[in-house]
Amino acid sequence: MKVITDNWFAQKYPIGFALSGGFIKGFAHLGVLQSLLEHDIQPDILSGVSAGALAGVFYADGNEPYKVLDFFAGHKFQDLTKLVIPKVGLFELSEFIEFLKSNLKAKRLEELQIPLIVTATDLDHGLSVHFHKGEIAERVAASCCMPVMFAPVNINGTNYVDGGLFMNLPVTTLRCICEKVVAVNVSPLMATQYKKNIFSIALRSYNFMFRSNSVPEREKADLLIEPYNLEGYSNTELEKAEEIFMQGYQTANDILERLIISRGNVWKE
C-alpha cells in the first residue's frame, strides 16, 4: 500500500496522540483526552482518523475536551447530514461541513493551535492520505466519510472516504516524529454476540475487516487506551454524547491509575 505523507513535519515532538475512528464512539476520545490532561499528559501534536479527526480538530482549535460537547448539544444526526437519493451514498455531508466551518475558529489546518494530521482514503487511487494543511472542514469530513452511508467528499477533483479503510488507528503517522505516542482506540476488535442473518453477518464481517488494521498499530504505541464499553451505542445517538464522553473518561482514569500504582508511570517499558 502506498502512503502519501508529503514530508509534513521535520521537527520532533515530545508527545503525540493518535485517535482512532469510531463514529459516535468518537465522543469517548474527548473523555479520554480530559483524563489525560488531568494526569498532566498533553499532546504536542495530534493524528486523527474519522471520529478521531473530529475530536482532535476541536481540541486543536483551542477547546477544552468537555466543552466540545457544547457544540453538539441539541443537534441530532439528521441535522448534520442530508438524505439523498442513493447513488454514491445514502447521505451527503454538506451540512456537516457547514457545521465545522461555523464552529471552528481556524479554517485551515495550518492555523490550528496544535498541529493535527487528518487521515483519509483516496478512493480514486487506493491511497492512504495524511493531510496536514488545507481547509479543515472538507478534510475532516472526508476522513469521517463512511463508504456507502455517505457520498465521497471531493477535494480538488479527487474523491475521499473514511481514513479507517487503511489505517483506523494512526500511530504510524506519529511514530517517527514523536518521542512518545498515546494511542486511543475507541473501536477495539471485539467478538460480541450477533444475529444469524445475512445483514448481521455482512455488517459483522465489514466491521472486522475495518478494524483489523488497528492490530499492528496498537503495538507501536507507548500508551494504549481502549474503552471496551461502547458497543451498545447506535451511530445515530448523538444525544448520548455526554454519556459516551463519561465512558471514555472513566476508562482512561482507571487505566492510568492502575498503571501508576503498578509500575510508577504510564509508559510502556
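The values are calculated or read from the model by the stated rules, or taken from the named source; none is laboratory data. If you're wondering where the values come from, they're calculated on a predicted model, not measured in any experiment. Keep in mind that these areas ignore ligands, DNA and RNA; they rest on the heavy atoms of the full protein, side chains included. Shrake-Rupley method; radii C 1.70, N 1.55, O 1.52, S 1.80 Å.
For this structure, a couple of remarks:
- Taking every DSSP helix (H) stretch of at least 4 residues in the chain, weighting each as -39,500 (n - 2.57) and dividing the sum by the residue count yields a mean residue ellipticity at 222 nm of -10500 deg cm²/dmol.
- Probe 1.4 Å, protein heavy atoms only - accessible area per residue of region 114-269 in square angstrom: 46 Å²
- Legend: residue pairs 240/268; 220/268; 101/180; 12/67; 105/133; 25/133, Cα-Cα distance threshold 21 Å; pairs beyond threshold, 240/268; 101/180; 12/67; 25/133.
- DSSP bridge pairs, the chain: antiparallel proportion in percent, nearest 5: 40 percent
- C-alpha center-to-center spacing [region 20-80, region 102-175] in angstrom: 15 Å
- Solvent-accessible area, 1.4 Å probe, carbon plus sulfur percent, for the chain: 55 percent
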